[in-house]
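The values are calculated or read from the model by the stated rules, or taken from the named source; none is laboratory data. Quantities reported herein were computed from a predicted structural model and do not represent experimental measurements. All Cβ positions, glycine included, derive from the backbone under ideal geometry; neighbour counts span all protein chains shown.
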C-alpha cells in the first residue's frame, strides 16, 4: 500500500432534491459508522470518516477475499 497516503479524505454523499438521469450509482444513507477498508498481502487498513486508521494483520489470506 505504498502508493496510498493515509489518512485519505473520503467522499460523502450529498443530499439532492432530484436524482440525476444516466448511469449513476446511488448510496443510501443509513445511520451508523462510515469507514473504508483497504487490503494488501500483509494487512488490512480500516479508516473512519474522521480519518482514524486502524491496522489488522492478515493471518490467513484465504479468509479475506
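Per-structure values
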quantity: Close pairs (8 angstrom Cβ cut-off, 6 or more residues apart or separate chains): loosely packed, with under 10 Cβ neighbours inside 10 Å in the stretch 17-42, modelled with pLDDT of 80 or more and not in a loop (DSSP other than H, G, I, E, B) anywhere; calculated: 33/48
quantity: Odd one out for residue 57 among (1) surrounded by fewer than 10 Cβ atoms within 10 Å (Cβ to Cβ); (2) modelled with pLDDT of 75 or more; calculated: (2)
quantity: Among (1) touching a helix residue (DSSP H, G or I) at 6+ places or on another chain (Cβ under 9 Å); (2) at pLDDT 80 or above, the one test that residue 52 misses; calculated: (1)
